[in-house]
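The values are calculated or read from the model by the stated rules, or taken from the named source; none is laboratory data. Here the structure is a predicted model, which means the values were calculated and not measured. Reconstructed Cβ throughout: ideal geometry from the backbone, glycine too, with neighbour counts over all protein chains shown. Areas reflect the complete protein model, heavy atoms only, side chains present, ligands, DNA and RNA absent. Shrake-Rupley method; radii C 1.70, N 1.55, O 1.52, S 1.80 Å.
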Amino acid sequence: MTSDPGPLPHSTAAVIGGGMAGMAAAYELHKAGFAVTVFESRDRVGGRIWTVRKGDFVMDLGTAVYLGTYREAVAMIHEVELTDEFVETPVMFGMPRQGKQHYLDLAKPIRSSISTQVISWPAKIRALRLFADVFKHRASLGYDTYDGLAEIDTETVLDYSQRVLNTELARYISAPLVSGTWVHEDHDTSVALLHWTVRNMLVKSVFNLTSGVAGLPVKLATLVDTRLEHTVTNVTDTGSAVDVTYSSPSSDGERTETFDTVVIATTAPPAVSMYPQMDDNHRRLYETARYHRLGNVSLGFSARPDDPGTFSMVSPYDDPDTIAVIADHNKAPGRAPAGKGLISVLLSPAYLDRTDDKDDEYLLDHALERVAYYYGGLPGTLEEYALMRWPESVPVLDKGRFKLIADFRKKVDRQARVQFASDLDRIPGLNGALVSGQEAAARLKARFANRRPATLP
């Protein structure tokens, strides 16, 4: 009679992609006892979350904040001992109309909505229809209710605005909300996203880290084996393990390593390219994915404008080149030295398409002109700047996309040795990516539950 050998030695896991989804998956697998290796093609982690330091300025060139509704991200910040960096800042929402700035104090939304002059009284009364619809569908407007979102995914934001609201609301409420928040266009965005945005994004305060938004993925990278500038070219599930082929500056040609399991946490094109065995369910989601481009120009000035606004969402009907203007010095403490200003100008996909042949100086000059326009002049002299043209900023959620997502989520193979994490199958962004990574890790933890946890450092 043979004795029970007990649990098997624990598993090795590769995570491909060091963005928020990948780093969250790696962290959760590490906690579960997996020996984790992260492969990241860039020379940094964070993906579309990127913080740089220029002189005394801390510039977020990707994701700008942690929202109050980002419960999982906030919980992870505290769990990995970043509490000392965690700050909360009230939001003053800027709403420019034809160059004139209006404000909405989100700590007092009813009073501010009544007093604001960005829209007329007839438009305010008509806007009650939007809030009534949001209230009606409130149970469907969460992070995990995609069947409910699929049910209201029946028309575009523009069609809804023309049918239910009016032209004024379409131009100065609906369009800026989906453009400034999601880099989306009202004619190419599901109305379900507009309703979700009104329910979840108009919050009275935002959270941040004093080291920058990228502080969380950077911290997570210190907890696992993270290999930067390692580009994965192929993933093969052999049936008993997974082979990962990659190149790096220190290797002569490509190398292949074998792992028990893999999480692919990249944007859609590289995921499809590196994993020819991708199942039909994921292939349908990934091959139909589209992303909008985004330009981010962060400008550090010797002085700051006398303006209380935190974020200004610009109407594409007034300024098709600009999505938003962010006063980073009002967004979080420490982004700029005392008395100095830090302003980010977000440039639209249409503007980037039109200026593909222009150099960075051209975009810088344009961003400075936009600052002068929206603030009535430049706040002092320019001391530092940083510029990023994102080829893939946010996945497009057009009409019908939530229906596809709801169907996709029902068909995910929880036993697959290769799992995926991204913000493609949910509300996109930092928290969506983080939760996707957590979910991928949970599936693998369950699959390998008979393995003996490794001794964690």
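The table below lists the values:
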read-out: Test: residue in region 247-259 that is outside any loop (DSSP other than H, G, I, E, B) and touching a Pro at 6+ places or on another chain (Cβ under 8 Å); value: no
read-out: Filtered residues of region 431-457 (kept if open to solvent by 30 Å² or more (accessible area, probe 1.4 Å) and of a type outside the set (Lys, Arg)); value: Gln438, Glu439, Ala442, Ala446, Ala449, Asn450, Pro453, Ala454, Thr455, Leu456, Pro457
read-out: Entirely in region 311-430, the helices (runs of 4 or more DSSP H) that have 2 or more residues that are among the aromatic types (Phe, Trp, Tyr), surrounded by fewer than 19 Cβ atoms within 10 Å (Cβ to Cβ) and touching a strand residue (DSSP E or B) at 6+ places or on another chain (Cβ under 9 Å); value: none
read-out: Selection count where residues are over 15 Å from Lys399 (Cα atoms) and either in contact (Cβ under 8 Å) with a residue 60 or more places away in the chain or acidic (Asp, Glu) (or both), scope region 152-169; value: 1
read-out: Among the candidates Ala21, Ala75, residue that is under 20 Å from Phe207 (Cβ atoms), at pLDDT 95 or above, part of a helix (DSSP H, G or I) and within 16 Å of the chain's Cα centre (by Cα); value: Ala21
read-out: Ile114, sole failed condition from (1) β-branched (Val, Ile, Thr); (2) part of a loop (DSSP other than H, G, I, E, B); (3) open to solvent by 20 Å² or more (accessible area, probe 1.4 Å); value: (2)
read-out: Some residue of region 45-55 being under 23 Å from Ile326 (Cα atoms), buried (at least 17 other Cβ atoms within 10 Å of the Cβ) and among the polar types (S, T, N, Q); value: yes
read-out: Pairs where the first residue, in region 293-309, is under 20 Å from Gln101 (Cα atoms) and open to solvent by 10 Å² or more (accessible area, probe 1.4 Å) and the second is basic (Lys, Arg) and not in a loop (DSSP other than H, G, I, E, B), C-beta under 7 Å, 6+ apart; value: none
read-out: Residues of region 79-93 classified as open to solvent by 40 Å² or more (accessible area, probe 1.4 Å) and touching a Phe, Trp or Tyr at 6+ places or on another chain (Cβ under 7 Å), total; value: 3
